[in-house]
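Before any comments, here is the structure.
The values are calculated or read from the model by the stated rules, or taken from the named source; none is laboratory data. Quick caveat: nothing in here was measured; it's all calculated off a predicted structure. A quick note on method: Cβ atoms are made from the backbone with ideal geometry, for glycine too, and the neighbour counts reach across all protein chains shown.
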Amino acid sequence: DAKTTQPTSMDCAEGRAANLPCNHSTISGNEYVYWYRQIHSQGPQYIIHGLKNNETNEMASLIITEDRKSSTLILPHATLRDTAVYYCIVRVAGDYKLSFGAGTTVTVRA
Amino acid sequence: GAVVSQHPSWVICKSGTSVKIECRSLDFQATTMFWYRQFPKQSLMLMATSNEGSKATYEQGVEKDKFLINHASLTLSTLTVTSAHPEDSSFYICSAIGRVGTGELFFGEGSRLTVL
């Protein structure tokens, strides 16, 4: 049973910000929100994670709503190399058995 | 950062033969590794948890006699697909838990198996 809901696909323009939504309305208090992406024919790549505060790293920003029922991954300046399937996953710290949903297929267009 | 490497990246074999895929943690020790399978246009499905020095734990519906997992050292786990058939053709991906305290998972590049 899916713990997260993401749009199936989205397009964005190169150089623009890409905002990827994720709903996790049944998230528990001890579950983190993780984002991974998978470029075609490669293994998943970790992007970012957070518990309740917004987070930013060199790849992206993660905005988590105050009620923690949804979040948004922001790629500030999308490039063609950001074309990938993006997975939003909720998990408890220390639980490494990831359950991947269908993710969002992001296509960055020139 | 931590790196997990898989070998081979791709392999083609005849039906009925066995194929071994290796997963190595290159700069850290991994007591636990995970094996996933991904069919075309589908998401990753967890197959099993590989534990160093003990038996692997398989997910429901995964045949342990068909997908043999050996985790003989702290840096190497192997997945052997025995008596492979065309329906076993898939993208196999491993992951490893990073250094103690980091809490992070690192994924290999994946191994594409094609069974003729």
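Residue under question is B:Ser90, and the condition is that it be more than 21 Å from A:Tyr36 (Cβ to Cβ) and either touching a residue at least 60 places away in the same chain (Cβ under 8 Å) or within 14 Å of chain A (Cβ to nearest Cβ) (or both); does it hold? Working first, answer last.
Working: more than 21 Å from A:Tyr36 (Cβ to Cβ): no; either touching a residue at least 60 places away in the same chain (Cβ under 8 Å) or within 14 Å of chain A (Cβ to nearest Cβ) (or both): yes.
Taking the combined requirement at face value, the residue does not satisfy it.
Look through the range A:88-101, keep the residues that are touching a strand residue (DSSP E or B) at 6+ places or on another chain (Cβ under 8 Å) and over 13 Å from B:Met45 (Cα atoms), and return whichever of them is surrounded by the most Cβ atoms within 10 Å (Cβ to Cβ). Don't jump to the end; show me each part of the working.
The initial filter retains those residues of the range A:88-101 that are touching a strand residue (DSSP E or B) at 6+ places or on another chain (Cβ under 8 Å), namely A:88-93, A:96-101.
Pick out the ones that are also over 13 Å from B:Met45 (Cα atoms) and you get A:88-93, A:96.
Working: A:Cys88: 27, A:Ile89: 21, A:Val90: 20, A:Arg91: 18, A:Val92: 11, A:Ala93: 11, A:Tyr96: 18.
Across the range A:88-101, the extreme among qualifying residues is A:Cys88.
Hey, among the residues in the range A:53-87 that are among the polar types (S, T, N, Q) and more than 15 Å from A:Ile27 (Cβ to Cβ), which one's nearest to the chain's Cα centre (by Cα)?
Let us first name the residues in the range A:53-87 that are among the polar types (S, T, N, Q), namely A:53-54, A:56-57, A:61, A:65, A:70-72, A:79, A:83.
Right, trim to more than 15 Å from A:Ile27 (Cβ to Cβ) and you get A:54, A:56-57, A:61, A:79, A:83.
Details: A:Asn54: 13, A:Thr56: 13, A:Asn57: 13, A:Ser61: 10, A:Thr79: 16, A:Thr83: 13 Å.
So the residue we want is A:Ser61.
Does any residue of the range A:14-21 turn out to be more than 26 Å from B:Thr57 (Cα to Cα), more than 13 Å from chain B (Cβ to nearest Cβ) and in contact with a Phe, Trp or Tyr (Cβ under 6 Å, 6 or more places away or on another chain)?
Looking only at the range A:14-21, we keep the residues that are more than 26 Å from B:Thr57 (Cα to Cα), and these are A:14-21.
Subsequent filtering for residues that are more than 13 Å from chain B (Cβ to nearest Cβ) retains A:14-21.
Next, from what is left, pick out any that are in contact with a Phe, Trp or Tyr (Cβ under 6 Å, 6 or more places away or on another chain): A:20.
So far as the range A:14-21 goes, yes, one or more of its residues are more than 26 Å from B:Thr57 (Cα to Cα), more than 13 Å from chain B (Cβ to nearest Cβ) and in contact with a Phe, Trp or Tyr (Cβ under 6 Å, 6 or more places away or on another chain).
Condition first: in contact (Cβ under 8 Å) with a residue 24 or more places away in the chain, of a type in the set (D, E, K, R) and more than 11 Å from chain A (Cβ to nearest Cβ). Can you find one or more residues in the range B:65-72 that meet it?
no
Pick from the range A:41-98 the residues that are small (Gly, Ala, Ser) and part of a strand (DSSP E or B): which of them is nearest to B:Thr114 (Cα to Cα)? Before the answer, list the steps.
Going residue by residue through the range A:41-98, those that are small (Gly, Ala, Ser) are A:41, A:43, A:50, A:60-61, A:70-71, A:78, A:84, A:93-94.
From the residues that got through so far, the ones that are part of a strand (DSSP E or B) too are A:50, A:61, A:70-71, A:84.
Numbers: A:Gly50: 38, A:Ser61: 38, A:Ser70: 39, A:Ser71: 38, A:Ala84: 23 Å.
So the residue we want is A:Ala84.
Taking the range B:1-30 as the region of interest, how many residues are β-branched (Val, Ile, Thr) and exposed (fewer than 15 other Cβ atoms within 10 Å of the Cβ)? Explain how you work it out, then say what you get.
Let us first name the residues in the range B:1-30 that are β-branched (Val, Ile, Thr), namely B:3-4, B:11-12, B:17, B:19, B:21.
Imposing the further condition that a residue be exposed (fewer than 15 other Cβ atoms within 10 Å of the Cβ) reduces the set to B:3, B:12, B:17.
Residues in the range B:1-30 being β-branched (Val, Ile, Thr) and exposed (fewer than 15 other Cβ atoms within 10 Å of the Cβ): 3 in total.
Please determine whether any residue of the range A:68-82 is of a type in the set (S, T, N, Q), within 14 Å of chain B (Cβ to nearest Cβ) and buried (at least 20 other Cβ atoms within 10 Å of the Cβ).
Taking the range A:68-82 and keeping what is of a type in the set (S, T, N, Q), we get A:70-72, A:79.
Still in the list and also within 14 Å of chain B (Cβ to nearest Cβ): none.
Looking for residues that are of a type in the set (S, T, N, Q), within 14 Å of chain B (Cβ to nearest Cβ) and buried (at least 20 other Cβ atoms within 10 Å of the Cβ), one finds none in the range A:68-82, hence no.
When B:Val115 is evaluated against the numbered criteria (1) within 14 Å of another protein chain (Cβ to nearest Cβ); (2) in contact with a helix residue (DSSP H, G or I) (Cβ under 6 Å, 6 or more places away or on another chain), which criterion, by number, is the only one it fails?
Tallying (1) within 14 Å of another protein chain (Cβ to nearest Cβ); (2) in contact with a helix residue (DSSP H, G or I) (Cβ under 6 Å, 6 or more places away or on another chain), B:Val115 fails exactly one: (1).
Under 7 Å by Cβ, and 6 or more places apart or on different chains, what pairs join a residue from the range A:92-110 that is farther than 12 Å from B:Leu105 by Cβ and within 12 Å of chain B (Cβ to nearest Cβ) with one that is surrounded by fewer than 18 Cβ atoms within 10 Å (Cβ to Cβ) and at pLDDT 95 or above?
A:Ala102/A:Thr8; A:Thr104/A:Pro7; A:Thr104/A:Thr8; A:Thr104/A:Ser9; A:Thr104/A:Met10; A:Thr105/A:Thr8; A:Thr105/A:Ser9
So A:Arg37 ticks every box in (1) without any contact (Cβ under 8 Å) to a residue 40 or more places away in the chain; (2) part of a strand (DSSP E or B); (3) of a type in the set (D, E, K, R) but one. Which box is left unticked?
Failed condition: (1).
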